[in-house]
Amino acid sequence: MTEQDVRKGLVGVVADVTAISKVNPETNSLLYRGYPVQELAATQPVDAVAHLLWHGELPTDEQLAEQRRRARLQRALPPELREAIDRMPLDAHPMDEVRTAVSVLGALDTAGAASVLDAVGTPERNRERSLRLFAVLPAIVAYGQRRRRGLGLIEPRDDLDDAANFLWMTFGDEPHPVVAEAFNRSLILYAEHSFNASTFTGRVIASTLSDLYSAVVGAIGALKGPLHGGANEAVMHVFDEIGDAAGVEAWLDRALADKRKIMGFGHRVYKRGDSRVPTMKAALDTLVAHYERPDVAELYDTLERAFTQRKGIYPNLDYPSGPAYNLMGFDTVTFTPLFVAARVIGWTAHIMEQYAANALIRPLSAYDGPDERHVDGYVADE
Ligand code: CMC
């Protein structure tokens, strides 16, 4: 293999097939199992989209009712998990807290599996595990934010849908419908995006026939980085640094002179704009009106205009979702864990797809280290 054959960052490499979602940068579209994500975000609750991604079809009323019944039973934090979370330092990054919590859940759930040969389990078991993670992650994330604010745990409410219950467990108020709707939309937009870095990480781990929890823990680690999911947190740091729309030009001059990456802009696949941005920007606009914060929209629009004019690089989903989560009242460090709570749907769908038609993922590398050499004094065995 020559260095010319190396595709650094796997740019342009098609690593496998998937039936879960299709990203088409030419038509600026994203389909979940064939449905445009914009249509799903406008019409569906996030758990119906989870059913679609896991099973291939939107649920019937009966299927959704049954999935909800089972999910509601698993929304609360198990006591052992709460105990483990309480032992973590309050200044640990919430992504580390969420990653550790999923690892603890895995140890609790897979206890009794005596051998690594039992790691994968049955397809039915993995569907249950996927639902369990989707159901309990909101409690992990919501409790994490409350703990850091010195507040107590709030138990889930069976009468609320997933978006409203998540907000309830975080803030202790029934959310306004505008806020719940924007939040539901963000969860659907974040739920799945083909072979992004975290999903691919999950598939690599699954391909060794390790268990679903291990694959999700690895995916969370990949999501944390600011080039991937960490960007929604990083966008808010940028907004805080800039302050207001009047500060944009001077800030951008400095940032570009320092060769900084502007968080929330650019994408490996979309080069002419991220298909999810208009839908999330519309949700942000409803929040701006609801909270009467035109200053946020002004800063958003001014930075977008200034940066795209100068570099021709467009916003990605993290750009509108960062300020949207800020307006909803989430702490900046909680933004990427919110992404986890949504993307766990796509991760688990991909992990199950990997198990169903597995081939160990093991690429090659081109070597550019020293030529063969020998340790002084070494004498080969006869
Ligand atoms: N700010 C400044 N310059 C940029 C940016 C940016 N956000 N994005 C790309 N560029 C420049 C980059 O410096 C490079 O310029 P040059 O050719 O002169 O060296 C050129 O555009 C190509 O960029 P690249 O980094 O080689 O492209 P990539 O496909 O490897 O990177 C990316 C994609 C997402 C890592 C990058 O755009 C980036 O770092 N963006 C900021 C972080 C971010 O918002 N990440 C979220 C990604 S999408 C949603 C998600 O996964 O959460």
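Could you give the distance between the Cα centres of segment 23-40 and segment 273-343, to the whole Å? Here the two parts' Cα centres lie 20 Å apart.
Rounded to the nearest 20, the Cβ-based charge dipole of segment 231-328 about its Cα centre (Lys and Arg +1, Asp and Glu -1) stands at 680 debye. With the gyration tensor restricted to C-alpha atoms of the chain, the semi-axes of the equivalent ellipsoid amount to 33, 30, 21 Å, longest first. Which helices count as membrane-span-like in the chain under these terms: full DSSP H, at least 27 Å along the axis by C-alpha, Kyte-Doolittle mean of 0.0 or more? Within the chain the helices that satisfy the rule are 335-356. Taking trypsin sites (Lys or Arg not before Pro) across segment 31-139, the ones in a DSSP loop with at most 11 further Cβ atoms lying within 10 angstrom of their Cβ are Arg87. In sequence order, segment 27-32 has phi-based couplings of 9, 6, 10, 9, 10, 9 Hz under the Karplus curve 6.51 cos²θ - 1.76 cosθ + 1.60, θ = phi - 60°, and Gly or Pro positions carry x.
Using a Gaussian network model of the chain in which every pair of alpha carbons under 10 angstrom is joined by a spring, one finds that among Thr170, Thr199, Thr208 the greatest mean-square fluctuation is at Thr208.
Between the listed residues Leu209, Pro89, Ala289, the Cα displaced farthest toward the positive end of the dipole of the chain, a dipole computed from Cβ unit charges relative to the Cα centre, is found at Ala289.
In the elastic network of the chain, a GNM with C-alpha springs shorter than 10 Å, the most mobile of Ala306, Ala206, Ala231 is Ala306.
Applying 1/(1 + (r/R0)^6) with r as the Cβ-Cβ distance of His290 and Glu174 and R0 = 25 angstrom yields a FRET efficiency of 0.95.
Rank Ala283, Ala119, Ala41 by mean-square fluctuation in a GNM of the chain with C-alpha springs under 10 angstrom and give only the top-ranked residue. The residue that fluctuates most here is Ala119. Over the residues of the chain, the helix contribution to mean residue ellipticity at 222 nm works out to -18000 deg cm²/dmol, using -39500 (n - 2.57) for each DSSP H run of at least 4. With Cα atoms defining each centre, segment 80-101 and segment 166-213 are spaced 18 Å apart in the structure. Once the Cβ-Cβ distance between Thr60 and Asp371 is put in as r, and R0 is 51 Å, what FRET efficiency do you end up with, to the nearest 0.05? Computed FRET efficiency for Thr60 and Asp371: 0.20.
Laboratory data are not the source of any read-out in this text; all were calculated from the coordinates shown. As the structure is a prediction and not an experimental result, all values here were calculated from the model. Cβ coordinates were reconstructed from backbone atoms using ideal geometry, including for glycine residues, and neighbour counts include every protein chain displayed.
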